[in-house]
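Quick notes on the structure that follows.
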Amino acid sequence: MDKLLQAEELFVNFYTTKETVRVLTGFSLEVEHGDIVGIVGESGSGKSVAIAAMINLLEKTGRIDRGAVWFEGADVLQMDEETLRNLRCSEVGVIPNNPKGMLHPIVPIGTQLMNRYCSAHPDAKKEEARRHAVEALEMVQIPDPEKRLHVLPSELSGGMAQRVLIAMALINNPKLIVADDATTGLDVTVQSQILDLIEAQVHKTHSSAIMVTHDLGIVAQYCKKVGILCMGRIVEYSDSVEELLQMAAHPYTRTLLAATPGVPREYCDEVNPAKSARHEISAQGCLLQNRCKHCTEICCRTAPPKTEIAPGHWVECHLAGKERES
Ligand SMILES: Nc1ncnc2c1ncn2[C@@H]1O[C@H](COP(=O)(O)OP(=O)(O)O)[C@@H](O)[C@H]1O
Ligand SMILES: [Mg+2]
């Protein structure tokens with residue numbers, strides 16, 4: 001059977017009048033049916049751009065210069081507009097991280113939900129769309145869904161607005177749910193309620209999910225597989241989150257773990273923070289050569305190969321499998 005989603009060596013640049021910003025530098029990811037995959041990376045590492053690239057929805061100045069994306073075996077980068085719209089409206093449900101900004105401020109939430117339903121079901125009668133809107137609000141545990149259809153986004157709390165966005169993402173029963181930093185800025189209780197909801201939906205509908213976050217704690221709790229995104233590519237990946245937490249091998253992963261409360265082992269900072277969000281990406285060698293405390297001559301010369309250090313666990317670092325100086 002085809003994989004649900006496969007991104008292969010994506011290179012994305014943004015071309016502004018002043019500069020070319022290299023954002024994805026060979027991003028690859030696979031999602032199989034039933035997977036919950038975490039993508040973890042610091043702010044600016046390219047998480048949202050990777051998601052946008054995978055549904056071929058980059059901003060105008062962005063361009064996929066190399067690479068491929070397959071959704072159930074279909075070539076996403078060659079899809080016509082209508083197939084793409086269907087992909088984004090019903091096959092993949094993206095939950096973004098800015099609920100208020102993503103909802104139209106002066107259109108009642110019921111109308112927005114119904115429009116979303118109708119974009120995947122153009123022949124649906126109004127009553128059918130309305131019923132699905134109510135069910136979607138019920139699914140995300142919004143009380144009194146019938147009454148809430150008329151509410152404007154501005155009348156909702158942050159947590160409620162985030163639930164509406166989840167309802168929007170789920171109304172057409174997507175095969176893949178993508179939560180892009182979906183709980184950043186919400187308080188911890190609301191955060192776990194929302195992540196629980198997403199997890200329950202994945203199990204109930206036998207769909208799959210990608211959880212994008214800077215928080216390894218979230219990944220440890222909800223995901224089965226995990227990829228660590230650094231400067232536009234996955235530098236460490238494991239089919240097992242537990243394995244990665246115990247045996248993190250990339251200096252960048254170890255640095256992220258050092259900042260995560262409650263991880264099972266002691267790690268320390270091995271990579272300096274990015275000097276700016278728009279870090280300079282070197283053309284040659286390891287992407288992290290200017291930030292890594294272990295950098296040696298080979299790191300400046302040659303890009304690190306992918307090394308499998310345990311079954312299903314690989315890392316791109318010249319140090320992999322070698323004794324490291326602490
Ligand atoms: N439209 C754009 N024009 C130029 N640079 C962009 C644009 N969108 C994103 N970027 C750059 O791409 C990098 C990754 O952004 P993003 O994927 O949003 O990061 P995050 O990992 O925080 O989601 C950032 O350095 C950002 O400045
Ligand atoms: Mg983002």
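The values are calculated or read from the model by the stated rules, or taken from the named source; none is laboratory data. This is a predicted model, so every value here is computed, not measured. So basically every Cβ, Gly included, is an ideal-geometry build from the backbone, and we count neighbours across all protein chains shown. Each accessible area value is taken on the protein alone, full model and side chains, heavy atoms only, with ligands, DNA and RNA left out. Shrake-Rupley method; radii C 1.70, N 1.55, O 1.52, S 1.80 Å.
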Compute the length gained on full extension between His33 and Lys3: take 0.36 nm times their separation in residues and subtract their Cα-Cα distance, giving the result in nm to one decimal. 10.1 nm
Among the chymotrypsin sites (Phe, Trp or Tyr not before Pro) in the range 1-92, which ones are in a DSSP loop with at most 11 other Cβ atoms within 10 Å of the Cβ? Mind listing them? none
Mind checking the per residue accessible area of the range 1-149 for me, 1.4 Å probe, whole number of Å²? 52
Before I look further, what does the range 234-316 give for accessible area per residue, probe 1.4 Å, in whole square angstrom? 53
Of all accessible surface on the chain at a 1.4 Å probe, what whole percent is carbon and sulfur? 51
Under the rule a/c < 1.5 gives rounded, and otherwise a/b versus b/c splits prolate from oblate, where does the range 137-226 land using the Cα gyration tensor? oblate
Take Glu19, project a point 7 Å from its Cα along the Cβ direction, then tell me which residues of the range 279-317 have their backbone nitrogen under 12 Å from it. 279-281
Please sort 56-69, 135-148, 83-96 by packing, taking for each peptide the average over its residues of neighbouring beta carbons within 10 angstrom, highest first. 83-96, 135-148, 56-69
Counting other C-beta atoms within 10 Å, and keeping those with at most 15, which DSSP coil GluC sites (Glu not before Pro) do you find in the range 239-311? Glu266, Glu280
Full-extension gain between His294 and Arg131, please, as 0.36 nm times their residue separation minus the C-alpha to C-alpha distance. 52.9 nm
Students often check this: by mean Cβ neighbours within 10 Å, which of 38-48, 253-263, 110-120 ranks highest, and how do the rest follow? 38-48, 110-120, 253-263
Pairs over 31 Å Cα to Cα, from Lys100/Lys175; Lys100/Lys306; Lys3/Lys306; Lys18/Lys224; Lys60/Lys125, come to Lys100/Lys306; Lys18/Lys224; Lys60/Lys125
Normalised radius of gyration for the chain, please: alpha carbon Rg relative to 2.2 N^0.38 Å, two decimal places. 1.03
Is the shape of the range 67-199 best called rounded, prolate or oblate, per the rule: a/c under 1.5 gives rounded, else a/b larger than b/c gives prolate, else oblate, with a ≥ b ≥ c the square roots of the Cα gyration tensor eigenvalues? oblate
